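What follows is a set of notes on a single structure, which appears directly below.
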Amino acid sequence: MKPLRPALIAEAVLRDPRPVVLALAGGGCSPALFEGFQFPGVCWVPLDWYADGASTDPEAVADRLGQALAQRAGPTGLAGHSLGGVIALLTACRHADRVQALMVSNTGPRIVGHGDPSLPDRVRHDWSAVNQQAFLASCFMRPPPASLWATLCEYLAGLDRERLLESLIGVRRIDLSAELAAIRCPALIAHGRHDRRRPVESAQALAEGIRAARLALLPAGHTPMVDCAEDYRREVARFLSDIGFIQGVQP
């Protein structure tokens with residue numbers, strides 16, 4: 001008998017009556033980027049969207065995510081970073097009734113303006129340890145903690161190259177500019193202003209296209225949840241408090 005594919009979202013999370021926030025890291029990045037955050041009364045879950053063995057094309061991941069969230073009774077938020085942010089946006093656009101809060105960082109409605117257009121070619125032809133670590137280093141304004149860096153390097157080195165490539169090529173076909181108006185839920189766009197990969201203009205395009213969006217520019221590079229973790233936590237806590245996911249949080 002063929003082994004069952006692991007579920008994208010654990011059954012316990014789908015059944016959790018509390019507000020749930022699923023956090024999706026960027027292409028090739030470990031979900032460890034989102035570990036360590038806690039918010040009162042909220043189930044915060046870093047989600048490894050590469051791990052279920054199915055297609056890693058962002059549209060396919062968003063479709064599986066939307067289908068899984070149909071089982072949720074409580075409110076659900078998505079926190080997405082970079083390519084994970086595109087998946088979160090896709091899900092909120094195309095399964096709007098299943099997403100009650102959206103938090104995206106250092107992403108945009110389309111790939112135009114991305115600071116690393118040759119990444120898929122490097123993955124395809126020269127994905128050496130040196131190039132892997134150079135890619136990871138470009139995601140930060142300053143070196144991350146050594147333990148996190150080791151986790152990120154190990155995760156990327158162990159990721160199947162074809163699955164990574166599928167996600168990177170897939171995101172380059174997407175343009176959500178005309179779909180952003182379909183997002184019904186409140187949105188926080190927490191963008192590192194010193195990002196070398198996604199310019200501030202990408203965040204501004206999201207803020208202009210999503211009706212209930214708040215733009216927060218943070219003192220960070222491409223990965224504000226690490227570069228300025230406390231600023232990121234504060235913005236997310238304020239946002240979750242404002243929309244009623246949590247109560248009584250001091251900014």
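Read-outs: derived from the displayed coordinates by stated rules, not from any lab. Keep in mind it's a predicted model, so treat the numbers as computed, not measured. When we count neighbours, we look across all protein chains shown, and the Cβ atoms used for this are built from the backbone with ideal geometry, even at glycine.
For segment 3-141, what does the relative contact order come out to in percent, with C-alpha contacts under 8 Å and a separation of six or more?
Contact order relative to length: 24 percent.
As a check on your grasp of the helix formula, calculate [θ] at 222 nm for the chain: sum -39500 (n - 2.57) over DSSP H runs of n ≥ 4, divide by the residue count, round to the nearest 500.
Taken over the chain, the calculation gives -11000 deg cm²/dmol.
Under 17 Å from the 7 Å Cα→Cβ point of Cys43, by amide nitrogen: which residues of segment 82-114?
Counting only backbone N, you get 98-101.
Whole Å is fine, so just give me how far the alpha carbon centre of segment 156-229 lies from that of segment 1-63.
Result: 17 Å between the Cα centres.
List the relative contact order of the chain as a percent without decimals, with contacts defined as Cα pairs under 8 Å and 6+ residues apart.
22
DSSP loop chymotrypsin sites (Phe, Trp or Tyr not before Pro) in segment 14-87 with at most 14 other Cβ atoms within 10 Å of their Cβ, which ones?
Sparse-neighbourhood loop chymotrypsin sites (Phe, Trp or Tyr not before Pro): none present.
So which trypsin sites (Lys or Arg not before Pro) in segment 90-183 are both in a DSSP loop and have at most 13 other Cβ atoms within 10 Å of their Cβ?
Sparse-neighbourhood loop trypsin sites (Lys or Arg not before Pro): Arg173.
Pop out the ³J(HN,Hα) list for segment 117-127 in order, Karplus 6.51 cos²θ - 1.76 cosθ + 1.60 with θ = phi - 60°, rounded to Hz; leave Gly and Pro as x.
Computed from phi, the couplings for segment 117-127 are x, 8, 4, x, 5, 5, 4, 6, 10, 8, 8 Hz.
So for the chain, taking the charge dipole from beta-carbon charges (+1 Lys/Arg, -1 Asp/Glu), which of Ala54, Ser147, Leu240 sits furthest toward the positive end?
Toward the positive end, the furthest listed residue is Leu240.
Rank-order 215-228, 53-66 by packing density, defined as the average count of other C-beta atoms within 10 Å over each peptide's residues, highest first.
215-228, 53-66
Give the dimensionless ratio obtained when the Cα radius of gyration of the chain is divided by 2.2 N^0.38 Å.
Dividing the Cα radius of gyration by 2.2 N^0.38 Å gives 0.94.
Take the Cα of Glu201, step 7 Å along the line toward its Cβ, and report every residue of segment 108-152 whose backbone nitrogen sits under 11 Å from that point.
112-114
Apply 1/(1 + (r/R0)^6) to the Cβ-Cβ distance of Asp160 and Gln67, taking R0 = 22 Å, and write down the FRET efficiency to the nearest 0.05.
0.40
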